[in-house]
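Okay, so here's the structure we're looking at.
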Amino acid sequence: MPLSSGTRLGPYEILSAIGAGGMGEVYCARDTRLDRTVAIKILPPHLSASSDSKQRFEREARVISRLTHQHICGLYDVGSQDGTEFLVMEFLEGETLADRLVKGPLPADQLLRFGIQITDALDKAHRQGIVHRDLKPGNIMVTKSGIKLLDFGLAKLRTIDSSPDLSKVSLLQTEARDITTRGTILGTIPYMAP
């Protein structure tokens, strides 16, 4: 059931719905302590009953908390209230790259600038041992200040030793078990790597 305007999650007051996807609902809210606009992503009740969904949601919070970068949407807070799990993130004004592309092709200079910003953000994530796993135009926000990567809900955490040898990459041992079982397909098929 969607949250209505005026609903409180701790110090956050819901203002309006922004959107919903397979793994969450996103709302525009006001942080009443700091008097600023934030985005709140909640794990809907039908998913919070699933331990795998809850683990993915918690992992998304851990992943985003490792990433401070001008082209990655920032995490401010996490919380739980009356069975509703939520993430409090930077509120972004703009449109997704998917929405922008519906209007037509990007000019070459803008395409290059966006590509550099996206790869810069991915480089930061990879250097922190994070693989996004759902990079697509719908998870890239175009703002006045540039690109912002969103939705690290399917991200995979990896450890990387100091060697540049990619064969040395391994799964983090901090996870009790791997949430994604062998043979499971997650992400958006047209944007998946072969």
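Identify all residues within the range 88-115 that are loosely packed, with under 13 Cβ neighbours inside 10 Å and β-branched (Val, Ile, Thr); write none if there are none. Spell out how you get there, then give the answer.
Step one: of the range 88-115, the residues loosely packed, with under 13 Cβ neighbours inside 10 Å are 93, 102-105, 107-112, 115.
Scanning the range 88-115 gives a single hit, Val102.
Right, Gly146: at pLDDT below 95 and surrounded by 17 or more Cβ atoms within 10 Å (Cβ to Cβ) or not?
Working: at pLDDT below 95: no; surrounded by 17 or more Cβ atoms within 10 Å (Cβ to Cβ): yes.
For Gly146, the condition - at pLDDT below 95 and surrounded by 17 or more Cβ atoms within 10 Å (Cβ to Cβ) - is not met.
Where residues in the range 37-58 are within 17 Å of the chain's Cα centre (by Cα) and of a type in the set (Gly, Ala, Ser), which of them is farthest from Gly94 (Cα to Cα)?
Ser53
Testing Glu85 on (1) closer than 22 Å to Ile140 by Cβ; (2) crowded, with 17+ Cβ neighbours inside 10 Å; (3) among the charged types (D, E, K, R), one condition comes back false. Which one is that?
The failed condition is (1).
Test each condition in (1) assigned to a loop (DSSP other than H, G, I, E, B); (2) more than 21 Å from His126 (Cβ to Cβ); (3) within 13 Å of the chain's Cα centre (by Cα) for Leu34 and report the one that comes out false.
Result: Leu34 fails condition (3) only.
Filter the range 57-82 down to the residues that are small (Gly, Ala, Ser) and under 23 Å from Ile118 (Cα atoms), then identify the one that is surrounded by the fewest Cβ atoms within 10 Å (Cβ to Cβ). Even if it seems obvious, please write down each step before you answer.
The initial filter retains those residues of the range 57-82 that are small (Gly, Ala, Ser), namely 61, 65, 74, 79-80.
Those left that are additionally under 23 Å from Ile118 (Cα atoms): 61, 65, 74.
Numbers: Ala61: 20, Ser65: 13, Gly74: 15.
Top of the filtered list is Ser65.
If you go through the range 90-145, how many residues are more than 17 Å from Ala39 (Cβ to Cβ), basic (Lys, Arg) and not in a helix (DSSP H, G or I)?
3
Please give the number of the condition Ser48 fails out of (1) more than 17 Å from Cys73 (Cα to Cα); (2) surrounded by 16 or more Cβ atoms within 10 Å (Cβ to Cβ); (3) small (Gly, Ala, Ser); (4) at pLDDT 95 or above.
For Ser48, the exception is condition (4).
Here are some conditions: (1) touching a strand residue (DSSP E or B) at 6+ places or on another chain (Cβ under 8 Å); (2) outside any strand (DSSP E or B); (3) surrounded by 19 or more Cβ atoms within 10 Å (Cβ to Cβ); (4) not acidic (Asp, Glu). Lys54 meets all but one. Which one does it not meet?
(3)
The values are calculated or read from the model by the stated rules, or taken from the named source; none is laboratory data. Everything numeric here is computed off the predicted structure, so don't read it as measured data. Counting neighbours? That spans all protein chains shown, and the Cβs are built from the backbone with ideal geometry, glycine included.
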